[in-house]
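The values are calculated or read from the model by the stated rules, or taken from the named source; none is laboratory data. Remember, predicted model here, so these are calculated numbers, not experimental data. Here the Cβ positions follow ideal geometry from the backbone for every residue, glycine too, while neighbour counts run over all protein chains shown. All accessible areas refer to the heavy atoms of the entire protein, side chains included, with ligands and DNA or RNA removed. Shrake-Rupley method; radii C 1.70, N 1.55, O 1.52, S 1.80 Å.
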Amino acid sequence: MGTPPQLTAQQRQAALAKASASRKRRAEVKAQIKSGEHNIDSVLTLAGTDEAVGKMRVKELLESFTGVGKIRANTMMERLNISPTRRIQGLGRHQIRELREEFLRPEHLSNPGRLIVLSGPGGVGKSTIAKQLRQAGDFWVSVSFTTRKPRVNEIDGHDYFFVTESVFARMISNNEFLEWAEFAGNRYGTPQAQVEQALREGKNVLLEIEIAGAKQVKAHLPQSILVFLEPPSWEELVSRLVGRGTDGAERRAERLELAQEELAAAAFFDVILVNDQVESVVQRLVELAQN
Ligand code: ADP
Ligand code: 5GP
């Protein structure tokens, strides 16, 4: 074992003062967590720039949250495979993501919103229903990112955030998506931070996404309710896609082929609703969020 470096009296004094300031800073942040001024997201972000906070042990961080005692903190750390002495700055990207998701569990939120995921074959009526729910103010409807080109009448930031392949790829590597998937040659993804924030604020959240994405959401947030929207018949689905008039014949044929696969996935979902009348589906979704 090497000998510790010899410090001058002045250096030792400076080191002691720094350690004391760090402890004070950590105590201050822990008090802010207790008072609700900080949540898990804001502390994890702060830890990236504030060295004293970065050095806080994960165990200390968890125990600062109201309702998380030593036992629960230990259970969480074991489940997430975080060693008892780990500091925030030593957490890996996956551990950070899992930790944030852990705090979205209903037991950690006083009045969490419901997360409903609406999927179903293209043309069944998902965006029509999502639009109604958004207008009525019943749900906070997530706006996805996509590499698809806007259709006429689609507004950037309202229907989607339209981005380039390279921006989308960067967002994947920065772990910014709750889920993402490729569909009919384009990529689509749900921004994680905004969804978490809305749930934490007690809002009911609606994601209108395709099936592979819905499965990813269920894996990360088991409390989510997966709803599959079915057409009254295959003929009606074809007629809705034609009636929408947004796709040429070739693209429509491609979407219909995908729709056959999508219809087979219904069994995986928690709830199946037939979209015969928009109003009745809207009503059922509002009820699901209330129960
Ligand atoms: P999706 O988002 O699932 O691809 P859309 O919401 O774009 O589907 O709907 C496809 C077409 O079907 C649109 O023209 C829409 O007006 C129509 N539509 C949606 N729901 C119904 C319904 N219950 N009855 C009749 N037409 C509907
Ligand atoms: P469209 O191109 O018709 O707008 O969407 C094609 C498919 O992508 C639809 O099934 C829609 O629900 C889905 N979608 C939209 N946003 C997302 C998203 O963020 N993630 C995933 N996985 N699918 C999405």
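Quick rundown of the values:
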read-out	value
Karplus-derived HN-Hα couplings along the stretch 182-197 (A = 6.51, B = -1.76, C = 1.60, θ = phi - 60°), whole Hz, x at Gly and Pro	9, 9, 6, x, 10, 9, 9, x, 9, x, 5, 4, 5, 5, 4, 4
Whole-angstrom gap from the stretch 242-291 to the stretch 123-161, using each part's C-alpha centre	14
Cβ-defined net charge surrounding residue 17, 12 Å radius [Lys, Arg +1; Asp, Glu -1]	+4
Degrees, to the nearest 10: 234-244 long Cα axis against longest axis of the chain	80
Rounded, prolate or oblate (a/c below 1.5 giving rounded, otherwise prolate when a/b exceeds b/c) for the stretch 1-82 by Cα gyration tensor	prolate
Neighbourhood charge, 15 Å Cβ-Cβ cut-off, centred on residue 159 and excluding it, Lys, Arg +1 and Asp, Glu -1	+4
Difference of contour (0.36 nm per residue) and Cα-Cα distance, residue 93 to residue 9	26.3 nm
Whole-number accessible area per residue in Å² for the stretch 15-103, which is evaluated in the context of all protein chains at 1.4 Å	56
Cβ-defined net charge surrounding residue 55, 9 Å radius [Lys, Arg +1; Asp, Glu -1]	+2
Of all accessible heavy-atom area on the stretch 61-199, the percent that carbon and sulfur account for (1.4 Å)	49
Gyration tensor verdict on the stretch 210-288 (Cα atoms; rounded if a/c is under 1.5, prolate if a/b is larger than b/c, oblate otherwise)	oblate
Given 70/215; 34/215; 149/215; 24/70; 34/218; 70/203, the pairs whose alpha carbons are separated by over 28 Å	70/215; 34/215; 34/218; 70/203
Angle between the chain longest axis and helix 9-34 axis [Cα atoms, degrees, rounded to 10]	40
Cβ-derived FRET efficiency at R0 30 Å, residue 110 paired with residue 149, nearest 0.05	0.10
FRET efficiency estimate (nearest 0.05) - Cβ-Cβ, residue 184 to residue 158, R0 22 angstrom	0.55
Amide H partners (placed H, <5 Å) of residue 274, local residues excluded	230
Residue-averaged [θ]222 nm for the chain, counting only DSSP H segments that reach four residues, each worth -39500 (n - 2.57)	-14500 deg cm²/dmol
Computed lengthening from residue 35 to residue 85, 0.36 nm per intervening residue step minus Cα-Cα distance	15.5 nm
Contour excess over end-to-end distance, with Cα ends at residue 165 and residue 19 and 0.36 nm allotted per residue	48.0 nm
In Hz, Karplus ³J(HN,Hα) per residue of the stretch 265-278 (6.51, -1.76, 1.60; θ = phi - 60°; x = Gly, Pro)	8, 3, 4, 6, 7, 6, 9, 10, 10, 8, 8, 8, 10, 4
Accessible area (Å², per residue) of the stretch 115-290, counting only protein heavy atoms and a probe of 1.4 Å	47
Sites residue 254 and residue 45, calculated FRET efficiency, Cβ-Cβ separation with R0 30 Å, nearest 0.05	0.15
Table column - 3J(HN,Hα) (Hz), the stretch 166-172, Karplus curve with 6.51, -1.76, 1.60, x for Gly and Pro	6, 5, 4, 4, 5, 5, 4
Simple label model, 7 Å out from Cα along Cβ direction - residue 270 to residue 174, nm	3.0
Degrees between helix 211-220 axis and first principal axis of the chain (Cα, 0 to 90, nearest 10)	30
Charge dipole magnitude, Cβ of K and R +1, D and E -1 - the stretch 15-103, Cα centre, debye nearest 20	360
